[in-house]
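These notes concern the structure reproduced below.
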Amino acid sequence: MKDKIIIKSTELFLNLGFKSVTMDDIANEMGISKKTIYQHFQNKTKLVEATAMYVFEKISTGIDCICNLNQNPIEEIYEIKRFVMLNLKDEKSSPQYQLQKYYPKIYASLKGKQFEKMINCVTRNLERGVSLQLYRDTIDVDFIARMYFNGMLSLKDQTIFPRDTYTMKDLMNNYIEYHVRGICSTKGLETLTELNSNLE
């Protein structure tokens, strides 16, 4: 039952937002009593924390699976982007922003975990790209990995990228293109051009 509550809550929070979904909404959606939810979660904050970590673990596992395929590093970046977009449902309700505003402690903890995960993943991708001569051998791997993480966070900042002007899909596509073109060697650019023509 605990897992079922987490899964249903995640779906509602991602689609409608952490703030607007109440414990009553979750109970009604599941056809259970609110008391049943409270048997597993002391309060809404505990439930929000559990759902945030559930999404993080689910996405982390998926990213690990993609990285373990050891495919072309440029293809790997696009495959991870596709997977993340699929799981975040285009973030209609800006859950990251709501988490930051209404649950700052959970947000800070999640951000730390995301940073650690992404730095390791991006660093490995960059190092492989350099060794395969797809990325320039002059790039500063640690600097670019940190810039990539910071850029990803800024995409979710609606004061910079308002949702009525930019969809998350467009932002992700533009940002990854910007990132890859900035680090590619001539050989890498050929791979990117070929990849883009296959995606069209």
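What follows draws every value from the coordinates through simple rules; no lab data is involved. This structure is a prediction, so every number in the text was calculated from the model and none was measured. Here the Cβ positions follow ideal geometry from the backbone for every residue, glycine too, while neighbour counts run over all protein chains shown.
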Seminar exercise, completed: What helix-only [θ] at 222 nm does the chain give? Using -39500 (n - 2.57) per DSSP H run of at least 4, over all residues, to the nearest 500, the answer is -24500 deg cm²/dmol
Exercise. Between A108 and N174, 0.36 nm times their residue separation minus their Cα-Cα distance comes to what?
Worked result: 21.1 nm
Seminar exercise, completed: At 10 °C and 1.306 mPa s, the Stokes-Einstein diffusion coefficient in µm²/s for the chain, with hydrodynamic radius from the Kirkwood sum on alpha carbon pairs, is 86 µm²/s
For this session: In nm, give the distance between the simple-model label positions of D64 and N87, each being 7 Å from the Cα along the Cα-to-Cβ direction.
Result: 1.1 nm
Exercise. FRET efficiency for S154 and K35, Cβ-Cβ distance as r, R0 = 45 Å, nearest 0.05?
Worked result: 0.60
Seminar exercise, completed: Here the gain from full extension of M1 to R163, 0.36 nm per residue of separation minus their alpha-carbon distance, amounts to 54.8 nm
